[in-house]
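To start, the structure itself, in structure tokens.
The values are calculated or read from the model by the stated rules, or taken from the named source; none is laboratory data. Quick caveat: nothing in here was measured; it's all calculated off a predicted structure. Glycine gets a Cβ as well: all are built from the backbone with ideal geometry, and neighbour counts include every protein chain shown.
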Amino acid sequence: MKKNIAVITGGTSGEREISLKSVQTILNHIDTNKYNTFKVLINGKEWNVLENEKEHAIDKNDFSFTSNNKKIKFDAVFIIIHGTPGEDGKIQGYLDILGIPYTSCGVLVSALTFSKLYCNRFLNQFGIRTANSFLFKKGDAISSIENQLSFPCFVKPNNGGSSVGASRVNVRNDLNAAIEKAFSVDAEIIIEEYLAGTEVTCGVVDFKGEIRALPITEIVPKTAFFDYEQKYSANGADEITPARLSSAITKEIQETVVKVFKLLGCRNMSRIDFIIKDNVPFLLEVNTLPGLSPASILPKQAKVAGIDLTELFTGFVDQLFV
Ligand SMILES: Nc1ncnc2c1ncn2[C@@H]1O[C@H](COP(=O)(O)OP(=O)(O)O)[C@@H](O)[C@H]1O
Ligand SMILES: [Mg+2]
């Protein structure tokens, strides 16, 4: 009997729309000769499965649904929600309690990598370079860090994504507005050193039993930084794969992404963002559920590497049953 796989999408963060596109890539590339796939849409407390164009409510007691008086259960879950509750460990905890296997990282690794600052502090211990940064919480007084700040600096939500709520701050006068904007997304924000340099991002995948770095992509934004518009609009940043880097820096970044993936204990895939300043790569963040929409970077990097997406994504599901 073919196994039933729930592919869960949606979520409630600013990245919901991207997840709704990414899920299509997954549904198109899980081999349906091997698995039955069902799209499950999560919208706050409302969870629905789509079966032959019909919506059925999910019974959260055992993650099942009923169709024609028949209870249907899932053998495994493919999580493709960016942001909360799919990239931060919450859904993972729920599925652990029910004993249902799932793709991507477990609870701890998801929660750690979702907190940019805590993840970066963890990685610093292993020699991975990141920008100097402060964690700032609602209610903290700016005066406590003010004399340590220099401009330009960068302000972003600690637990965010797709550049939602992020700003470059050139002068002190613009700081409060940037802090407010980041707080509209998250109760914890990061104020960090502005890294002027070349932005790149590099996917890493567990493909056919080997953890492999994909080709690196260079990001050339048309505005101050790689903001939401630049990420997803047709007229957005230029993305050049493979990046125009020396072989030494290419090797350093590709070795770093494999090292970070292993250090953290990531599963299946990740995409890691960097800014190269004066020939030194600084890690910005680790994305454990990178975008997979047609405009997204990881599928393009896989293509350049000659990796077939059906083999890649079906392989992630296969790994749950070995
Ligand atoms: N310290 C920094 N210096 C310069 N630019 C930054 C810095 N941090 C982030 N950025 C810019 O903001 C974008 C979003 O930041 P990132 O940490 O990757 O968060 P996310 O992609 O999850 O929103 C990056 O792609 C980069 O263009
Ligand atoms: Mg990023």
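Of the numbered conditions (1) hydrophobic (A, V, I, L, M, F, W, C); (2) at pLDDT below 95; (3) over 19 Å from the mean Cα position of the chain (by Cα), residue 185 fails exactly one; give the number of that condition.
Of (1) hydrophobic (A, V, I, L, M, F, W, C); (2) at pLDDT below 95; (3) over 19 Å from the mean Cα position of the chain (by Cα), only one is false for residue 185: (3).
State yes or no: is residue 179 near ligand 1 (Cβ under 8 Å from one of its atoms), within 26 Å of residue 88 (Cβ to Cβ), without any contact (Cβ under 8 Å) to a residue 60 or more places away in the chain and of a type outside the set (Ser, Thr, Tyr)?
no
Which one of the conditions (1) more than 12 Å from ligand 1 (Cβ to nearest atom); (2) more than 18 Å from the chain's Cα centre (by Cα) does residue 112 fail to meet, given that it meets all the rest?
Unmet condition: (2).
Could you name every one of the strands (runs of 3 or more DSSP E) located completely within segment 236-322 that has at least 1 residues being aliphatic (A, V, I, L, M) and closer than 23 Å to residue 109 by Cα?
269-277, 280-287
Within the group 44, 10, 86, which residue is surrounded by fewer than 19 Cβ atoms within 10 Å (Cβ to Cβ), within 23 Å of the chain's Cα centre (by Cα), touching a residue at least 12 places away in the same chain (Cβ under 8 Å) and outside the structural domain of residue 161 (by TED's automatic domain parsing)?
Being surrounded by fewer than 19 Cβ atoms within 10 Å (Cβ to Cβ), within 23 Å of the chain's Cα centre (by Cα), touching a residue at least 12 places away in the same chain (Cβ under 8 Å) and outside the structural domain of residue 161 (by TED's automatic domain parsing) holds for just one of 44, 10, 86, which is 44.
Restricting the search to segment 110-169, which residues are of a type in the set (Phe, Trp, Tyr), surrounded by fewer than 18 Cβ atoms within 10 Å (Cβ to Cβ) and closer than 30 Å to residue 95 by Cβ?
Hits for segment 110-169 are 118, 122, 126.
Examine segment 204-227 for a residue that is of a type in the set (Asp, Glu), surrounded by 14 or more Cβ atoms within 10 Å (Cβ to Cβ) and within 15 Å of ligand 1 (Cβ to nearest atom), and state whether such a residue exists.
There is at least one residue in segment 204-227 that is of a type in the set (Asp, Glu), surrounded by 14 or more Cβ atoms within 10 Å (Cβ to Cβ) and within 15 Å of ligand 1 (Cβ to nearest atom).
Take the residues of segment 273-294 that are charged (D, E, K, R) and away from ligand 2 (no atom under 15 Å from the Cβ): which is surrounded by the most Cβ atoms within 10 Å (Cβ to Cβ)?
277
Do we find that residue 236 is closer than 22 Å to residue 8 by Cα, in the same structural domain as residue 205 (by TED's automatic domain parsing) and buried (at least 17 other Cβ atoms within 10 Å of the Cβ) in this structure?
So residue 236 does not fit the description; no.
Only one of these is under 17 Å from residue 288 (Cα atoms) and of a type in the set (Ser, Thr, Tyr): 256, 250. Name it.
None of the other options fit; the residue is 256.
What are the residues in segment 154-163 that are part of a strand (DSSP E or B) and more than 8 Å from ligand 1 (Cβ to nearest atom), if any?
Answer for segment 154-163, where residues must be part of a strand (DSSP E or B) and more than 8 Å from ligand 1 (Cβ to nearest atom): just 155.
With segment 185-228 as the region, which strands (runs of 3 or more DSSP E) entirely inside it contain at least 1 residues that are over 23 Å from residue 133 (Cα atoms)?
The qualifying strands (runs of 3 or more DSSP E) are 198-207, 210-220.
In segment 72-92, which residues are at positive phi and out of contact with any Cys (no Cβ under 9 Å at 6 or more places or on another chain)?
Within segment 72-92, just 83 meets the criteria.
Assess whether residue 106 counts as being in contact with a strand residue (DSSP E or B) (Cβ under 9 Å, 6 or more places away or on another chain), of a type in the set (Gly, Ala, Ser) and under 16 Å from residue 288 (Cα atoms).
So residue 106 does not fit the description; no.
Give me a count of the residues in segment 189-206 that are more than 18 Å from the chain's Cα centre (by Cα) and either away from ligand 2 (no atom under 16 Å from the Cβ) or not polar (S, T, N, Q) (or both).
7
Is one or more of the residues making up segment 302-311 touching a Leu at 6+ places or on another chain (Cβ under 7 Å) and not hydroxyl-bearing (Ser, Thr, Tyr)?
Yes: segment 302-311 contains one or more residues that are touching a Leu at 6+ places or on another chain (Cβ under 7 Å) and not hydroxyl-bearing (Ser, Thr, Tyr).
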